[in-house]
Structure formats: structure tokens, C-alpha cells
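Everything below concerns the one structure shown next.
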Amino acid sequence: HACSPPFLLFRSFSHLSASCTKLSTMSGAPQESKVVRDFKKVLGENERGAVAVAAIHALTTMIKESGASTIMELEILLKAAQEQLQEMNFEGQRSKAIQLTAACELFARHVTRTALDIGNFDACKKRLIDRGERFAAQADVSRAVIADNMLPFIRDGTVMLVHGYSNVVIIALTKAASAGIRFKVILTEGCPERDGFKVCEELQKAGIPTELVVDTALGYVMQEVDMVLTGAAGVCESGGIINKLGTYQMSVIAKEAKKPFYVAAESYKFCRLYPLSPTDLPDAEKEGPPVMQNGVKVRTPPSDFTPPANITLLLTDIGVLTPSAVSDELIKLYY
Amino acid sequence: STPEGAGSGMKALEEMLDKKAAAGDGGEEKAESEAGGDAGGDKGEAGAEKAGKPKLTKAERREIQEKQRAAKAAAKGEAPPAPAAKKAAADQPASGGSEKAKEKGEDKAKDSKGSAGLKLQYDDPKAMAKAKRNQTVHRTEVQKKVPWFAHLPQYEREASLSSQLSERAENDIHPEVLKLGLKLADWLIVGGNNRTVAMLQAFSKVVMDYAPPKDHETGADMSRHLDTRLKPMISYLVACRPLSIGMGNAIRWLKGKIAHLPPNQSIQEAKDYICDQIEAYITEKVVFADRIISKHGASKINTGDVILVYARSSSVEATILRAHRDGTKFRVIVVDSRPKLEGKKLLDKLSAAGVSCTYIMINALSYVMKEVSKVLLGASALLSNGHVISRVGTAAVAMMAKQFNIPVLICCETYKFSEKVMLDSICTNELGDPDELLSPALENWRDVKDMKLLNLCYDLTPAESITLVITELGHLPPTSVPVVIREYRKEVTL
């Protein structure tokens, strides 16, 4: 019967407690709260849906339906909801954890800011719901904006190298192909998940000629390509990115071969992290204990950090940014 | 006078000095009487001492100056030379250094730090001349100037800085500021934060003790008058020891606060308001900022880390003590250098707290660098292009760390952020007492021909060597300094 401490304040709001408290039964299976259910519902509806959009949607719904009467209450509810969202498991969770945290923190920040701007609670709540719903709508649009921003970078005859399964990249390349640009894509296999094959499938549907190479062939093919493109799980304050394992070494080889390294990321992936080395990652992305395979200890770190010095440009829905501009945006957002 | 005029003016000055040297006594008298009149345009008492003239009002002095200038121009047929140069030449016949400098006419006009010293362009002769004229305290130039740094003030250690002040007409330096200046000049108060806080506290006392003239009733009157009262005090502090950029920012903030007092306050209310504001500034920008910086910095220190620190920074010290209190197991390597040996005090503090420390001199840096996991450095100022001004030696440490791919973290409060841009450590720097570098072999360096000792205080670390800046706003890349200045400008000026 784990009763989370913040809810001791809510004894009088029992209906809130019921929806928000996570009760662990004796069997150990946690009961899902409304927030989590909403989140999963939105995620399930949209096949390529962004985790952040689903989270903001769930949080907005929570605010709409809550009976809170002060900002302080709302902030406490939000904090609890954020914890629940972060603790739950869902498919593809590993690479989405940062996005989720970033979106929740962003929303919390919006709440505080709006509260400072507007004194009246009801007006404030209305504005928050309005903003939350607009955010969800805008987030869907953000991928289209990125696709538009990317068009000038792809010309006829371009050969690009793509790593990792990123919805943004797939949508953008599909759009470029439908705009009539003729280009070729070389994909990395992406062991151990081998998601290069999935990306290949998607791109071939759009009629883009693709080739797959093994991960160890990066140095070998780098001469042939004109640019390197990848998505991001999270964009850090320094302008560096956290992404699937293999992104860092690809960036190093690209820098050595003087090829531009582009990252496509939506603005809700900007987070307040500042890793100092490829291994200085938040817990969700850290390397787990090694697995035993055929009597051998095998290490499979899930992600790595690419420092800003190796990144040429970030293609985002707020524009095409240099790595140093990311901090500019974050400061404007959070202060 | 136009720049060309000044240039030809310099040439005219040189010719005149040559003639003077050739003519001997006759020329000497002529130069003196002219200089006397000009000097009258500056501090009345200096001119009075030299030429025995009575003290004149500013307007009269200006008239005489103009007349002499016109006469000279007519006689020579070219633009007149800068009056301050000749005045300085007449003023310090005793100093050997000025003899040498007289031959290099250009240097003369650039030779001093003056009024606020806040935005002084060292290579602008007119600005330097004006600053020199407005100086509160005149310090003697060193005998052997290092040519590369000839544009910066290089002063001899004074027996008594304050003796000149007793000869001044007005008793306009508050005793707190007097004490502060003497302590600064002797390097008894060291460190960016300490100096800024001490200075603000001294000014707080000045404001409290401010006695308005008879006809000033309201706070608004005080705000106008207080500024003029502070000017000579600031000039005095600058003459004792040049201000750091953080101190300059604090002064600018204070002047802004004084200029924008809330309306309709009595004098006492206004005084209280200003003192409260100073108190709040110190608390927010220094004390609390250091606490938040130590929290953010400690979050970057992990178990098993080997942290390298250099010299002594209050925010770095706070960070390490905080991380140690949080229970993280790490060790520290303290790098130190002559002549200041500030690392020793840091070593004392850290060892007393139980942090396991190693102490090396800076020449052993490359030897230990391979063991280091992070470098933590302090800053005197952060510039708009991301470069860091810090104690001399910091650049070497940062660049060595970069070579070994070790992350370099700078701890800096936001009040030290500046809109300036510097590309090297030569244009603006502070030169300390060359005698600090003495060792038995160098005892008689002044007698050795062409030997000069250089004691630099600050250097510039390029932004590329820096990984992360820790401020009270959180973790920032060095390129974000102008963003912070832009976003917080409203806070600072109003």
C-alpha cells in the first residue's frame, strides 16, 4: 500500500486521490492511473505518434478534469503525473524516456510561467488547457515543418547516410521523395535491434533507392556519401544529442571525412541535460548489466552522446539551428 | 584636434624635447612655464608646486591653455601637441622611467589609468590623457617598463598611497574606501567575489554617511549628487588596483540604482533603499549564486572522479566542499604556481574538510593529466565570445586538459558576465609587482641592462577549451554568455 507522500495533502479530494494514487496490490501488479491510460490511448491511436504529444495530451486532459482550485495543487498533480508516466513501461520506451521527461518539464514550466503572467486561477487554467491542446496540434505539425526545412539540403543526386529508426527522418525523406527529388539513402544495419531493415522498408514504400551496410562499414562508405542524417532521442543543452548507439562514432568519422552531420529533432526533445562525455548519460539511457551469450559477457549499451562539436546543424521545427543556438532557445524557454 | 593633428603634434613634441635637451637650461625654463600653465589646467596644486603660480579657477586655466595653444600653433604652423603629454613630462622629472618614455612620445599619453577606469581604451591617447588629468592619486610609473605591455599601467609599489590625499583640496575619500584601497593595493583582499563584496560594503557605508548639502531635501537630489561623490572614490580605488570586470559591473549596477531611485522619498529613506539594494545584490549575486553553483557543480562530480583545480576560486572551493558533504568519493589535485601560491590556501581548506588532495606545481601538469577525469576552474570574467578571463595559468591548464580530451568546467557567477570581447591577454590585463618574482639570482635585476620582469595577473582561456560553464542559472555552454546578458539586461540596468 504505497501511498505517495504528496497525496497526504489531498485527503479531502478523494476523487483526485483515486485517480492519481498508484496502489500496489499484493500480487505486485500496479494499477494504472488515468493519466497513464490516456497516454497509452493517444499513443495507440497514432501509429507514428510522438511520445511527447501523447504526454502533453494526457496532462492537459488531467488538468481539464481535475477539480484543483489553486496553482500549487496543479503543480503537485503534474509532478505526480510526471513520475507515473516515467515509471510505466511501454513499447519503445527506452529511447523515448528523455523525450517524455523533457515534455513533462516543459509543460510544468509553461504552467509556472502562465501562473506568473495570469493571476486569476480560472483564467490561468483555461489558458493552460488551451495551450496544451494547441501544443498537441503543433507537435503534429512540427514534423511537417522539419520536412520543409530539410528540402533545401537534399538535391538531385544526393547520397545520404542514415542511422537509427527515426519517425522524423522517415517523414522528411518521404516528403522529399514525393517532391520529386532523386536521391539515394545508405542505411546502417543498427545492431542489435537491426532496425535498419525497418527503415529500409518504409523508404522503399516511398520509392527511395536504399542500400544497407553493416555497422562496421561506416568508415568504408563515408567517402561515397554527401551528408549524414540522423534523428535524436534527446537534444542536450550543449547542443549535443543523445541517440541510438553508433551515432557518436558515425559523427567522428563524418567529421574526419569532412561530411556535414545533420540532426532532425522536434523542439520538445530539447532537455536540460549536459553530458560531459559519451558515457555521461541519464539513468534511463545508461548501459545495463552485461548479458551472457554462449558463455561470453556481452555488453550492449543502448545509447551514446554526440558532442556538439561534431554536429553541423540541427533541423528543428523552430528553424535550422547551430548547436550553440539550442541553449539560447532553452534559456528563453526556461527563464 | 584630429588624429593626424595629434600625430604631427607628437612629432612636434619630440622636436621640442630634442631642442630642449640641446638648449639645456634655457629650454627647460621655457618648457616648464608652458607646462606650468597647462598643469594649471589639471590639478591646481601640482602646477602650483612646480611653477609657484597661484591657484586659478577652471575657466581661467582653460583660457590660459587655449591662448598658449593658439600661440604655439601660430609659432609652429602645425596642430598643437597633447597638453597632457607635456604636463606629465614636467610633472615627474624624478622618475627614470618617464625619462625613457619621453623619448617614445607616443607612449607618454597612454601612460595612465584614470577616472572610472571602467571603459578605458588604452590605445586612445585622448582618452588616456583625459583619464590622467582626472586621476585622484598619482602613482609613480615603474622604471623599467615591459615594452609589450607599455600600454598598461605599471606602477612602483608606493610607500604611502594615502599621503597624496592629504594634500587634496577636498576631503572627498571616505575612510572606509581609503582602507579598502590600501588593502586592495597590498593584495590583502584577494579574489573576485571578495573584492566586489568589500567594495559594495564600503560604498554602502559611504551612502549611509552621506551628508547632503544644505539645499538638498529629497532623494532625487541625492541621486544626482551621490554620483559626483562616488567618482573620486572610484578613481582612487582604480589607482590603488585596477577593478575587475565583476567590480565594474557592480558599480554600473549601483549607479543605475542611484539614478533610478523610487520617487518621493526622503533622504533617509533613499539611503536605506540603496543600502538594502546593495545588501540584496550581494546576497543574490554572490552568496546565493555560489550556493546554487556548488549544487549544480556537485551534481557533475561522480564517484571515483579525479578533479583538477588551479589556484584558488571561491566557487570551486564551495563546489568541492559541497560534493564532499554529499558523500561522493573523489579526490582532488591542486595545481599551484608562483608567485602568488594561492593553491596552498585552497589545499588547507580542502584537507581540513577531509577531501583527499594532491598538490603539484604547474610544471608537473602534463605528468598528472592522464589521471584526471575533470578539470574545475574559476573565472574572473566571462566574455561575450565565450572566452574566460582568469588567474594567469588557467589557460595553460585548460588547454592541456583539452589536449587530453578532459572536460573543463568553469564556475562563474552571472554578475561577472561582460559584453566585451577579447582575443588575447595583452590588450587588457593587470601587471603586478615585478619584485614578487625575485629569487636570489635576480636580486639586482634593475641594474642588468635590458632585463625586465613581467608579473601578469590574468590570462584568457579560449572558448574551444571549455566544455561547460556552471552558473546560478544552471549548466550552460560558453557560447550562451551573450544570451544570458540579453535576457537579464532588464534586471541589471533597472
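The values are calculated or read from the model by the stated rules, or taken from the named source; none is laboratory data. No experiment lies behind these values; they were computed from the predicted model shown. No Cβ is skipped: glycine too gets one built from the backbone with ideal geometry, and neighbour counts run over all protein chains shown. When the accessible area is computed, the model is the full protein with side chains, heavy atoms only, and any ligands, DNA or RNA have been set aside. Shrake-Rupley method; radii C 1.70, N 1.55, O 1.52, S 1.80 Å.
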**At most 13 other Cβ within 10 Å, DSSP loop - trypsin sites (Lys or Arg not before Pro), region A:140-180** = A:155
**Request:** Compute the distance in nm between two label points, each set 7 Å from the Cα along the Cα-to-Cβ direction, one at residue A:79 and one at residue B:183.
**Result:** 4.1 nm
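Over region A:212-270, what is the relative contact order in percent, taking alpha-carbon pairs closer than 8 angstrom and at least six residues apart?
Working: 62 pairs, mean separation 25.4, N = 59.
The normalised contact order for region A:212-270 reaches 43 percent.
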**Asked** Are there GluC sites (Glu not before Pro) in region B:428-494 that DSSP puts in a loop and that have at most 12 other Cβ atoms within 10 Å, and which ones?
**Response** B:443
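I'd like the projected area of region A:157-259, averaged over all directions, using the convex hull of its alpha carbons. Report it in nm² with one decimal. Provide the component values of the computation, followed by the final result.
Values: hull surface 25.3 nm².
The orientation-averaged projected area of the Cα hull of region A:157-259 comes to 6.3 nm².
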**Complete:** Kirkwood radius from Cα pairs of region A:251-327 plugged into Stokes-Einstein at 10 °C, 1.306 mPa s, gives D in µm²/s equal to 109 µm²/s
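Using the beta-carbon distance between residue B:445 and residue B:268 and R0 = 60 Å, what value does 1/(1 + (r/R0)^6) give for FRET efficiency, to the nearest 0.05? Let's see the in-between values first.
Details: r = 56 Å, r/R0 = 0.93.
E(calc), rounded to 0.05, equals 0.60.
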**Request:** Within a 10 angstrom radius of each residue's Cβ in A:264-275, how many Cβ atoms of other chains show up on average? Whole number is fine.
**Result:** 2
**q = 0.13, 0.19, 0.20 Å⁻¹: log10 I(q)/I(0) that the Debye formula gives for region B:334-463, counting C-alpha atoms only** = -0.66, -1.19, -1.26
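When only C-alpha pairs under 8 Å and at least 6 residues apart count, what is the relative contact order of chain A, in percent?
Working: 549 pairs, mean separation 48.8, N = 335.
Over chain A, the number comes to 15 percent.
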**Complete:** Under the Karplus relation with 6.51, -1.76 and 1.60 and θ = phi - 60°, whole-Hz ³J(HN,Hα) for region A:259-271, x at Gly and Pro, equal 9, x, 10, 10, 10, 9, 8, 7, 6, 7, 8, 6, 10
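In chain A, once you exclude exposed GluC sites (Glu not before Pro) (DSSP loop, at most 10 other Cβ within 10 angstrom), what's the longest stretch remaining? Spell out each step's value before the answer.
On the way: sites that count: A:47, A:91.
Longest site-free region, per DSSP loop and neighbour criteria: A:92-335.
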**Request:** Give the angle, between 0 and 90 degrees and rounded to the nearest 10, that separates the Cα long axis of helix A:323-334 from the longest principal axis of the Cα atoms of chain A.
**Result:** 10 degrees
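Run the numbers for residue A:206 and residue A:255: contour at 0.36 nm per residue of separation, minus the present Cα-Cα distance, in nm. Display every interim value, and only then the final one.
On the way: separation 49, 0.36 × 49 = 17.64 nm, distance 2.99 nm.
Full extension of this stretch gives 14.7 nm more.
Give a quick list of chymotrypsin sites (Phe, Trp or Tyr not before Pro) in region A:74-148 that DSSP marks as loop, anything other than H, G, I, E or B, with at most 16 other Cβ atoms within 10 Å.
A:90
Looking at region A:116-274, what % of its DSSP beta bridges pair antiparallel, to the nearest 5?
Working: 2 of 18 bridges.
Antiparallel bridges make up about 10 percent of those DSSP assigns within region A:116-274.
Please say if region B:164-312 is rounded, prolate or oblate, where rounded means a/c under 1.5 for a ≥ b ≥ c the square roots of the C-alpha gyration tensor eigenvalues, and otherwise the choice is prolate for a/b larger than b/c and oblate otherwise? Mind showing how you got there, number by number?
On the way: a/c = 3.48, a/b = 1.62, b/c = 2.14.
Cα axes put region B:164-312 in the oblate bin.
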**Prompt:** So how far, in whole Å, is the C-alpha centre of region B:140-167 from the one of region A:242-261?
**Reply:** 55 Å
**Request:** Enumerate the calculated ³J(HN,Hα) couplings along region A:133-142 in order (Karplus 6.51 cos²θ - 1.76 cosθ + 1.60, θ = phi - 60°), each rounded to whole Hz, writing x wherever the residue is Gly or Pro.
**Result:** 5, 5, 4, 4, 5, 5, 4, 5, 6, 4
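Please find the FRET efficiency linking residue B:259 to residue A:179, where r is the Cβ-Cβ separation and R0 is fixed at 51 Å, and quote it to the nearest 0.05.
Computed FRET efficiency for residue B:259 and residue A:179: 0.30.
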**Radius of gyration and maximum dimension Dmax of region A:83-157, Cα, Å** = 17.0, 58
**Asked** Over all Cα pairs of chain A, how is the pair count split among 20 Å bins, expressed in % and running from 0 up to the last occupied bin?
**Response** 29, 54, 17, 0
**Request:** Mind telling me which of A:122, A:317, A:215 comes out most flexible in a GNM of chain A, alpha-carbon contacts under 10 Å?
**Result:** A:122
**Asked** Ignoring ligands, DNA and RNA, how much accessible area is buried between chains B and A, both sides summed, with a 1.4 Å probe, to the nearest 100 Å²?
**Response** 1200 Å²
**Prompt:** Given a Förster radius of 22 Å and the C-beta distance between residue A:213 and residue B:405 as r, what FRET efficiency does 1/(1 + (r/R0)^6) yield to the nearest 0.05?
**Reply:** 0.20
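If you take the alpha carbon radius of gyration of region A:33-92 and divide it by 2.2 N^0.38 Å, what ratio comes out, to two decimals?
Working: Rg = 11.7 Å, N = 60, 2.2 N^0.38 = 10.4 Å.
Cα-based Rg divided by the globular estimate yields 1.12.
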**Asked** Hey, got the average number of other protein chain Cβ atoms within 10 angstrom for residues in A:320-333?
**Response** 4
**Accessible surface of region B:255-342 [probe 1.4 Å, protein heavy atoms]: carbon and sulfur percent** = 49 percent
**Request:** Please report the base-10 log of the normalised intensity I(q)/I(0) for region B:289-378, using a Debye sum with one equal scatterer per alpha carbon and no solvent, at each q in 0.12, 0.20, 0.25, 0.26 (1/Å).
**Result:** -0.31, -0.88, -1.36, -1.44
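Using only the Cα atoms, work out Rg/Rh for region B:380-442, with Rh taken as the Kirkwood radius, to two decimals.
Numbers: Rg = 14.7 Å, Rh = 13.9 Å.
Rg/Rh: 1.06.
Suppose a student asked you for the relative contact order of region B:126-241, using Cα pairs under 8 Å spaced at least 6 residues apart; what percent would you report? Kindly include the intermediate steps, with their values, before the conclusion.
Numbers: 75 pairs, mean separation 43.0, N = 116.
Once normalised by length, the contact order is 37 percent.
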**Message:** For region B:225-278, compute the orientation-averaged projected area of the C-alpha convex hull (one quarter of its surface), in nm².
**Reply:** 3.9 nm²
**Request:** Between the chain alone and the structure with every protein chain in place, find the residues of region B:440-482 that drop at least 20 Å² of accessible area; heavy atoms, 1.4 Å probe.
**Result:** B:467, B:468, B:473, B:475, B:476, B:477, B:479, B:480
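Once fully extended, how much extra length lies between residue B:134 and residue B:60, figured as 0.36 nm per residue of separation less the alpha-carbon to alpha-carbon distance? Walk me through the intermediate numbers first.
On the way: separation 74, 0.36 × 74 = 26.64 nm, distance 1.77 nm.
Value of the extension gain: 24.9 nm.
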**Complete:** Along region B:414-431, Karplus-curve 3J(HN,Hα) (6.51, -1.76, 1.60; θ = phi - 60°) to the nearest Hz, with x for Gly and Pro, reads 6, 5, 8, 6, 10, 7, 5, 10, 10, 10, 8, 8, 9, 4, 10, 6, 10, 9
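Expressed in nm², what is the orientationally averaged projection area of the convex hull enclosing the Cα positions of region B:409-479? Intermediate results must be reported in sequence, preceding the final value.
Numbers: hull surface 28.0 nm².
Over every viewing direction, the Cα hull of region B:409-479 projects on average to 7.0 nm².
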